[in-house]
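*Asks:* Please read through the structure below; I'll follow up with questions.
The values are calculated or read from the model by the stated rules, or taken from the named source; none is laboratory data. Just so we're clear, the structure is a prediction, and the values are computed from it rather than from any experiment. Here the Cβ is made from the backbone with ideal geometry for all residues, glycine too, and neighbour counts use every protein chain on show. Side chains are part of the model used for accessible areas, which takes the heavy atoms of the whole protein and leaves out ligands, DNA and RNA. Shrake-Rupley method; radii C 1.70, N 1.55, O 1.52, S 1.80 Å.
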Amino acid sequence: MKLNCSQAELNTALQLVSRAVSNRPTHPVLANVLLAADEVTGKLRLTGFDLSLGIQTSISASIEDSGAITLPAKLFGEIVSKLSNDSPLVLTSDETSHQVELTSKSGTYQVRGMLADDFPDLPLVESGTSLKLNPLLLSNAIKSTLFASSTDDAKQLLTGINLTFDGYGIESAATDGHRLAVLNLNNILSESEDGNKPLDVDKFSITLPSKSLREVEKFLSACDISKPINFFIDKGQVVFISVDEIITIRALEGSYPNYSQLLPESFSNVLEFDRKEFIASLERVAVLADQHNNVIKITTDSSAKLIKISTDAQDIGTGFESLPVSFKGESFQIAFNVRYLLDGLKVIDSSFIKLSCNAPTTPAVFTPINSDVNFTYLVMPIQIRN
């Protein structure tokens with residue numbers, strides 16, 4: 001292999017694919033990135049793959065000899081990142097030495113690698129379901145629910161986001177057992193060239209790891225929002241493709257919980273208030289709540305049309321805020337983890353929000369008011385001991 005390329009482009013590509021390189025690889029080659037040069041296409045393809053998440057990208061290069069090799073992702077990435085970006089880099093390797101010589105204007109480095117044949121193939125879906133998705137809407141679907149997924153590996157399925165596709169729309173849902181975020185979006189599937197319905201497919205669901213979807217979100221943020229991305233799914237493997245970049249994700253196995261049954265059909269208490277004012281009050285009270293178990297109480301006063309947000313951090317201090325509300329129902333008191341509230345409220349895209357609940361021990365549901373976004377955020381309250 002022999003080629004020269006831009007330091008800046010190679011550095012950016014290495015940083016990207018290295019996000020799919022495991023910190024604790026099950027095999028030595030999985031700590032490496034795969035470099036494959038093709039003189040026909042004039043492209044240097046880079047791949048990182050930890051057997052669950054795979055990221056592949058390509059950069060333009062002047063290639064004299066095609067070839068492929070794997071190199072230690074961390075070491076090679078650090079060397080390239082510190083080289084000057086005002087002159088091209090030359091990469092050369094031969095078939096017998098298993099190392100790359102990297103030459104810049106200031107010096108030469110040799111990095112030992114491993115055979116490209118030892119690197120596992122990136123699983124690319126060749127059959128199954130194929131969709132074209134709006135990158136901006138898909139990014140919103142991920143961003144609006146990602147925070148509610150579990151970080152407990154013992155709850156494997158709950159560490160992912162459940163995506164349900166049906167017709168033009170998508171339902172994205174995540175829960176950690178204490179809260180649930182659900183976003184419904186229409187028109188996320190791009191229409192076919194003849195203007196007909198995108199694809200007549202049966203409704204299907206898939207649960208993808210949150211860690212992998214964080215990388216997908218970064219990938220989507222760099223996409224041209226005017227052009228749909230290609231989405232393929234087959235046998236538990238999902239592939240996202242856009243121009244020179246490919247991301248593959250292995251889905252989590254098992255049936256995601258039937259979260260819709262957690263949502264009450266009706267509510268006896270409904271409060272409406274300004275979202276930004278509520279967030280500001282919560283953040284001020286949270287300064288004290290964070291010192292002791294994060295618990296805040298919301299007390300309603302139907303006669304005064306106010307809610308009182310309070311906290312009691314034992315042996316440290318107390319605090320409360322009052323906020324005007326529109327209120328229907330009986331006076332009550334309910335307690336929450338303030339961090340759970342703030343996480344959900346910050347992704348709601350609406351000036352005003354609605355809090356609906358039945359009792360201090362049953363689920364409370366937050367929804368936007370006068371918004372085109374169909375978002376539901378359920379939070380389990382904390383039992384108050386008087």
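*Asks:* Given the conditions (1) farther than 30 Å from ASN186 by Cα; (2) open to solvent by 30 Å² or more (accessible area, probe 1.4 Å); (3) at pLDDT 95 or above, report the number of the one that PHE352 does not fulfil.
*Replies:* Against the list (1) farther than 30 Å from ASN186 by Cα; (2) open to solvent by 30 Å² or more (accessible area, probe 1.4 Å); (3) at pLDDT 95 or above, PHE352 comes up short only on (1).
*Asks:* I want to confirm something. Restricting to region 238-256 and keeping residues that are assigned to a strand (DSSP E or B) and open to solvent by less than 30 Å² (accessible area, probe 1.4 Å), which single residue is nearest to ALA222 (Cα to Cα)?
*Replies:* Residue satisfying both the conditions and the ranking: SER242.
*Asks:* Can GLU215 be described as within 21 Å of ASP121 (Cβ to Cβ) and either in a loop (DSSP other than H, G, I, E, B) or acidic (Asp, Glu) (or both)? Can you show your working first?
*Replies:* Details: within 21 Å of ASP121 (Cβ to Cβ): yes; either in a loop (DSSP other than H, G, I, E, B) or acidic (Asp, Glu) (or both): yes.
Yes: the conditions hold for GLU215.
*Asks:* Let me ask another. Could you check region 118-186 for strands (runs of 3 or more DSSP E) lying wholly inside it with 1 or more residues that are under 30 Å from ILE382 (Cα atoms) and out of contact with any strand residue (DSSP E or B) (no Cβ under 6 Å at 6 or more places or on another chain)?
*Replies:* On the way: elements: 129-133, 160-166, 169-175, 179-185.
Fully inside region 118-186 and qualifying: 169-175.
*Asks:* With the structure loaded, tell me whether LYS74 is closer than 17 Å to VAL33 by Cβ and open to solvent by 70 Å² or more (accessible area, probe 1.4 Å) or whether it fails that test. Write out each step before concluding.
*Replies:* Working: closer than 17 Å to VAL33 by Cβ: yes; open to solvent by 70 Å² or more (accessible area, probe 1.4 Å): yes.
It is true that LYS74 is closer than 17 Å to VAL33 by Cβ and open to solvent by 70 Å² or more (accessible area, probe 1.4 Å).
*Asks:* I'd like to verify a number: residues in region 24-71 that are outside any loop (DSSP other than H, G, I, E, B) and open to solvent by less than 40 Å² (accessible area, probe 1.4 Å), how many?
*Replies:* 26
*Asks:* When both residues are 6+ apart or on different chains and their Cβ atoms are under 6 Å apart, which pairs have a first residue that lies in region 1-13 and is acidic (Asp, Glu), and a second that is open to solvent by less than 30 Å² (accessible area, probe 1.4 Å)?
*Replies:* Pairs that qualify, where the first residue is acidic (Asp, Glu) and the partner is open to solvent by less than 30 Å² (accessible area, probe 1.4 Å), are GLU9/ILE59.
*Asks:* What single numbered condition from (1) modelled with pLDDT under 95; (2) β-branched (Val, Ile, Thr); (3) within 30 Å of the chain's Cα centre (by Cα) fails to hold for THR96?
*Replies:* Evaluating THR96 over (1) modelled with pLDDT under 95; (2) β-branched (Val, Ile, Thr); (3) within 30 Å of the chain's Cα centre (by Cα) leaves (3) as the failure.
*Asks:* Could you tell me which of the residues VAL347, VAL365 is touching a Ser or Thr at 6+ places or on another chain (Cβ under 8 Å), in a loop (DSSP other than H, G, I, E, B) and on the phi < 0 side of the Ramachandran plot? Talk me through it step by step, then tell me what you get.
*Replies:* Values: VAL365 fails: in a loop (DSSP other than H, G, I, E, B).
None of the other options fit; the residue is VAL347.
*Asks:* Quick one: which of PRO88, PRO135, PRO72, PRO120 is more than 20 Å from the chain's Cα centre (by Cα) and under 30 Å from TYR256 (Cα atoms)?
*Replies:* Just one listed residue meets the conditions, PRO120.
*Asks:* Could you list, in sequence order, all residues of region 1-23 that are closer than 18 Å to VAL90 by Cα and either open to solvent by less than 10 Å² (accessible area, probe 1.4 Å) or of a type outside the set (A, V, I, L, M) (or both)?
*Replies:* LYS2, LEU3, ASN4, CYS5, SER6, GLN7, GLU9, LEU10, ASN11, THR12, ALA13, LEU14
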